[in-house]
Amino acid sequence: MNHGLLPHPDNEEIAVSCNNKQKHRCQGGFTLVEIMIALVVFMVIMLGLGGGLLIAIRTNSSNVVRDEALRLAEDELTRLKGLHFSVMGVSDELAATAPNWTALAPMLVTTRKGTTTFARATQITDLGTTATALKRIDVAVGWNDPAGGALLAQTNKNRQTTLSTIVVRSDD
């Protein structure tokens, strides 16, 4: 191949003449300034991606804990719904933090995120009138999130999920 010729799409070679001032540009490659600019652009893009990745990891961790809290609340709600209606008394153990909520039941649970301490409180309220026999069951499960926040009354934790249902007497 001739050094003064470049390939052409029509399989012809076109002569390129380079004088001494342009010789380094004809040889191809990148200058140090171009490489530095490319590195700065790459660094800005990677910092943006890294920040997004950190947010995704934090969100996933909080979702794991929230899912476990929901599971614990569902288990307790299912257990309470399975009780005989007459045995399911109105909450008489009152927590100091909120009227009509039972005392907190602490639970230490290991998840993919690690070990988390949950607190569970329940409330059973008689909604019945003379014509109907209804009871409302509330289950609150709370945990402390490292991000902080105000403590919630039912569980005395800064994060909480609450599930509720209404049951009708069917066991006369």
Note to self: Please compute the modelled spin-label separation between Leu53 and Lys81, points set 7 Å along Cα→Cβ, answer in nm with one decimal.
What the structure shows: 4.3 nm
Check: Going by a ≥ b ≥ c, the root eigenvalues of the Cα gyration tensor, does the range 33-168 fall in the rounded group (a/c under 1.5), the prolate group (a/b larger than b/c) or the oblate group?
Finding: prolate
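Here, each number is a calculation from the coordinates, and none is a lab measurement. Worth saying up front: this structure is predicted, and the values here are computed from it rather than measured. Note that each Cβ is placed from the backbone with ideal geometry, even for glycine, and that neighbours are counted across all protein chains shown.
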